[in-house]
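Nothing in this text is a laboratory measurement; each read-out follows from the coordinates by a stated rule. For clarity, every value in this text was computed on a predicted model and none was experimentally measured. Neighbour counts are summed over all protein chains in view; Cβ atoms, including those assigned to glycine, are modelled from backbone coordinates with ideal geometry.
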Amino acid sequence: MSYADSSAVDGPFEIEAVALAQIMDELDYFQILKLAPVATPAEIKLAYYRESRIYHPDRFYRLADGELRDSISRIYKRINEAYVCLRDDIRRTKYLADIGGPMRQSKLRFVEASEQEMKKEKELEVGVTPQGRKFYLAGLQDFAGQRFAAAERNFKMALTYEPGNANYKTKRDEATKLIK
Amino acid sequence: MDEIAIGIDLGTSYSCVSIIENGAPLVIPNALGERTHASVVSFLEDGKVLVGNGAKRNIITNAESTVYSAKRLIGRYYFSDEVRKAQAVMPYKIVEGENNSVRIQIRESLYSLPEISALVLKEMKAIVEKHVGHSVSKAVVTVPAYFNDNQRQATKDAGRIAGLEVLRILNEPTAAALSYGFGKDLSQRIAVYDLGGGTFDMSILEIGNDVFEVLSTAGDTYLGGDDFDDRIMTWLGDRFLSETGIDLRLNKYCLQMLKEAAEKAKIDVGRDGVANIHVEAICQDPSGNRLDLIATLQESEFNRMMMDLVQRTFKVCDEALQSARMAASDLDAVILVGGPTRLPIVRTSVKHYFQKDPMTGIDPDEVVAMGAALQARSLLESKGEHFLLDVTPLTLRVGTVGGYTDSMIEKNTPIPIERSKTYTTNRDAQEKVKIQVYQGESNKSAECELLGEFEFSGFRVAERGDVRIEVTFEIDPNGIVNVTAADLETGQQTTCAIRLNSGLSEKMIQAAQAKNAATVLSDGAAA
C-alpha cells in the first residue's frame, strides 16, 4: 500500500491540525488533552493515548508536506508537555492554581517560573535560615510524636529566627490548641 | 521491487539484522547460516575488510588490525575513563583526534568510531541485500536506552556513513517490548531487563494494545557481559601468576588468549555448570618452555565472582521502578534481553528480585533486531499500527555560573519535547551569549556529560544593555538534542542542531561515505 492510500491525512484532519497548531498557545493543558480539569489520573492517561494515536509523528513520517508535518510535530510536543505536567499531582495542583489566577495567560505553559516558584514555596514553608529550619523540623517531630508542648516551644523558637514565616505561625497555633 | 527497511541491533559484542516477511519479523542469517555476527572489524592485508564471527577469530592472529567493542568508545571523549580503560586492554591503537575525539589507528590510516561501526552496518546491509536480491537503503538502528546525545548522534552518523538512511535511532529495550507485544492486544505493565555485552538497561513499559508507553528507563553504560569475562580473566590470571610467576596480563597477545578463554568459560559454566579451561601454549617461561593454561571453574565459584555485578543491575532496577512509581509486584511480565541473561545466575537472581519467572520463548539475542524491523516497517508505511511513546534517559541541563547546571528537561520525560529559556545580555554591548549543554543527574557540570558549547553572536549590539534571546532545546524522537535560538525583539532566528566538538563535520561524513562505499567486504575465504 502506498502512502497516498493511507488514512492518516485527509482534508478535515489537515484543517484541524493546522488550526490547532495556530491556537495552541491560547490553550491550557486540559484543553490540549481535551479533558475536564477534574479528570482522574486514569482519564489523563487515556486521553494521552487517544491524542497520541492521532498526532504521533510516526504516522506522518512520510508526509510530503513539510509545513503540515512541522505543525503536527509542534502539537505532539505540546501533548507530551501537557501529560508530563498533569500526570504529576504536585505539578498539576500548582498548574491549576496558575491557570485559575489572574496571570492565566502567561501561565498556560508550566515552565521555569512555575517550577522556581514551587521550589521557593517549599523553601518558605521549611524556612530560609538554618536555625529556623532546625527548630521547625524538631517541632514537626514533636508534633508527630504528640508532644505538643515541646512542639509549640520549637515552633516559637523557629519564629524568633523567621518572624514573618506564615507556616511557622500556623503550626505554632495548631500546637497551642492541642496542648491540654 | 518492494521498498523495504531493515532493523539492525548494533551490539557491543554481537549484531543482528531483521526484516519483515509475510507480516512477521525474520532474522536474516549470513551465507554461513549464522544469525548473530560478532561486532568485530578486521582490516586485512589485501585491503579488504572482514566483519563478523570470522573477524573475531582474527583478534589473536591479526590483533593490531582487528577492532572489537567499538561501541564502548563511540561518542566518547578522548579524555574519558572508558577510553583510558580501553587503551590499557585493547590490542588495537587508540589515538587522539582533533577536538578531544577518539581515532583508531590501523597501519597508516586513522578511523573515527562511527567509521568502524559503519563497517559493521555495511555487513548487516550486505547480508539483507544478498537475501532479498536487491539493494536496501533504509534502516532503524538500535542503541542502549541509556545512551546520551553524543553516542546517539555518533551512531546515526555511522548509519549515514554506511549509506543508510537512518529512519530512527531506537532504544533497545523499547524494541524488545515492541517485538514482545506487537499484534497481541496486550494490556500489561512489563519490565525489560537488558544485559548486553557492554551495557545494562532497564525499562518499564505500559502496553495498551497498540500503544507502548515507556514509563521509565535507567541504566549503566559501564556494565555488561564483558565485565563478567574480566572477572574470570582476573581469576585465571591470578592463579597462573601464583603457579608460574608469570603474569599473562602484561602481554597483549596472552591477554587476548586469556580473554577468549574467559568468554568461553563463562558460556560453558552457564550451559554445563562447569568449565574445563585448557589453552595450550599460552606463553613461554624464561627458559623457553611452553606453558599451558589449565583450570576448572565450578558454577558455585563462578556465581561467587559475579554476584556483585548482578546485584549492581538491581540497583538500576530499583531506580527504574522508583521513577515509574511502581513496585516489582505491579509488573505483569519480565523480559530478558542480551546474551548474558542466558546465565542461570542472572535468571535466578532476576526471578528472585521480581518474584516472577521471566518470560520464556523470547530469543534474547534476536528480539531487539526483530523489534527494530517492526518499527522500520511502521515508519516506512506510516499506517499507525503501533505507537512507541519513549522517554529521554538523562536530564538535559544548561551550564550556569561557577561550574553548576540547571535542569531543563528531566530524565524520563516523554519525547519529542521542547523547552525554552530566555537569556538576557545584561551587560552593555555584550555581543555574545555562551551556552553549555549537558546531560546527567548532577547539578555540577563536571559530573555531567558535555554535549556542546555554543556562542550566540551576531545579535544586535545591545546599547541599552537588554537583548533577550530565547533558546529552545528540543529532544527529537531519536533522543537527539537540537537547539535553536531567536532574538525575541527582532524575531531573528538561528538554528543549529547540536554538533559536539569531537563529532564529525558534514564534510568528514561525506568523505567517510566515499571511503566506506569503496571498501570491499571479505567473504572470509581469504582470511
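Sites listed here are trypsin sites (Lys or Arg not before Pro) in region B:80-132 whose DSSP assignment is loop and whose Cβ has at most 14 other Cβ atoms within 10 Å: B:Arg107. Label point of B:Met307 set 7 angstrom out along Cα-Cβ; within region B:260-274, amide nitrogens under 20 Å from it belong to B:266, B:269-270, B:273-274. In order along region B:177-190, phi translates into HN-Hα couplings of 5, 4, 4, 5, x, 4, x, 9, 6, 7, 10, 9, 10, 10 Hz, rounded to whole numbers, per the Karplus curve 6.51 cos²θ - 1.76 cosθ + 1.60 with θ = phi - 60° and x for Gly and Pro. Partners of A:Lys180 within straight-line reach, counting aspartates and glutamates whose Cα lies under 20 Å from its Cα and excluding those fewer than 8 residues away in the same chain: A:Asp142, A:Glu152. Annotation for A:Lys134 and A:Ala97: the two label points, set 7 Å from Cα along the Cα-Cβ direction, are 2.9 nm apart.
Computed with the Debye formula from one identical point scatterer per Cα of chain B, without solvent, the log10 of I(q)/I(0) at q = 0.08 Å⁻¹ comes to -0.54. Stokes-Einstein diffusion of region B:253-369 at 20 °C, 1.002 mPa s viscosity, Kirkwood radius from Cα pairs, rounded to a whole number: 128 µm²/s. Taking only the C-alpha atoms of region A:54-125, the Rg (one decimal) and the largest Cα-Cα distance, Dmax (whole number), read 16.0, 54 Å. Here is the tail figure for region B:225-304: Cα pairs spaced more than 15 Å apart come to 52 percent of all pairs. Put in order of Cβ neighbour count within 10 Å, fewest first, the listed residues A:Thr129, B:Thr36 become A:Thr129, B:Thr36. Compute the Cα gyration tensor for the protein assembly as shown, then decide on rounded, prolate or oblate, letting a ≥ b ≥ c be the square roots of its eigenvalues: rounded whenever a/c is under 1.5, prolate when a/b is larger than b/c in the other cases, and oblate in all that remain. It is prolate, given that a/c is not under 1.5 and a/b is the larger ratio. Sequentially through region B:23-37, phi angles give Karplus couplings (6.51, -1.76, 1.60; θ = phi - 60°) of x, 10, x, 10, 7, 9, x, 7, 4, 8, x, 7, 9, 10, 10 Hz, Gly and Pro residues having no value and appearing as x.
In this structure, the amide hydrogen of B:Lys93, modeled 1.01 Å from its nitrogen in the peptide plane, lies closer than 5 angstrom to those of B:Gln105, counting only residues at least 5 positions away or on a different chain.
Kindly provide log₁₀ I(q)/I(0) values, in the same order as q = 0.20, 0.21, 0.31 Å⁻¹, from the Debye equation applied to equal alpha-carbon scatterers of region A:127-178. Normalising to I(0) and taking log10 leaves -0.52, -0.57, -1.17. Convex hull volume of the Cα atoms of chain A, normalised per residue: 158 Å³.
Say R0 is 30 Å: what FRET efficiency, to the nearest 0.05, do B:Thr424 and A:Gln22 get from their beta-carbon distance? After rounding to 0.05, the efficiency reads 0.55. Here's the list of lysines a cross-link from B:Lys85 could span, going by alpha-carbon distance under 17 Å and ignoring same-chain residues fewer than 8 apart: B:Lys71, B:Lys93, B:Lys252, B:Lys259. Neighbour counts of C-beta atoms inside 10 Å place B:Cys16, B:Cys448 in the sequence B:Cys448, B:Cys16, starting with the fewest.
The modelled label-to-label distance between B:Ala281 and A:Lys34, using points 7 Å beyond Cα along the C-beta direction, is 7.5 nm.
Relative contact order of chain B, taken over Cα pairs closer than 8 Å and 6 or more residues apart, is 16 percent. With only the Cα atoms considered, region A:3-109 has a convex hull volume of 94 Å³ per residue.
Legend: residue pairs B:Lys351/B:Lys411; B:Lys411/B:Lys444; A:Lys134/A:Lys156, Cα-Cα distance threshold 20 Å; pairs beyond threshold, B:Lys351/B:Lys411. With angles folded into 0 to 90 degrees, how steeply does helix A:11-23 sit against the dominant principal axis of chain A? Use alpha carbons for both and round to 10. Once rounded, one gets 30 degrees.
To the nearest ten degrees, helix B:506-518 and the longest principal axis of the Cα atoms of chain B are 30 degrees apart. Between 0 and 90 degrees, the angle of helix A:112-126 with respect to the longest Cα principal axis of chain A falls at about 20 degrees. With contributions of -39500 (n - 2.57) from each DSSP H run of at least four residues, the per-residue ellipticity at 222 nm computed over chain A stands at -21500 deg cm²/dmol. Taking amide H atoms as placed 1.01 Å from N in the peptide plane, the amide H of B:Ser15 lies under 5 Å from those of B:His37, B:Ala38, B:Ser39, each 5 or more residues away in sequence or on another chain.
Note on region B:1-142: Rg/Rh from C-alpha atoms, Kirkwood Rh, equals 1.00. Loop-located chymotrypsin sites (Phe, Trp or Tyr not before Pro) in region B:73-117 (DSSP state other than H, G, I, E, B) with a sparse environment of at most 13 neighbouring Cβ atoms within 10 Å: B:Phe79. If you take the Cα centroid of region B:219-248 and the Cα centroid of region A:42-119, the two points sit 50 Å apart. Calculated [222 nm] ellipticity per residue, helices only, for chain B: -10500 deg cm²/dmol; basis is -39500 (n - 2.57) per DSSP H run with n ≥ 4, divided by all residues, nearest 500. For region B:297-310, the Karplus equation 6.51 cos²θ - 1.76 cosθ + 1.60, evaluated at θ = phi - 60°, returns couplings of 10, 8, 4, 4, 5, 4, 4, 4, 5, 9, 3, 5, 5, 5 Hz by residue, with Gly and Pro reported as x.
Annotation: amide H of B:Asp365 within the under-5 Å range of B:Gly338, sequence separation 5 or more or interchain, hydrogens built in the peptide plane.
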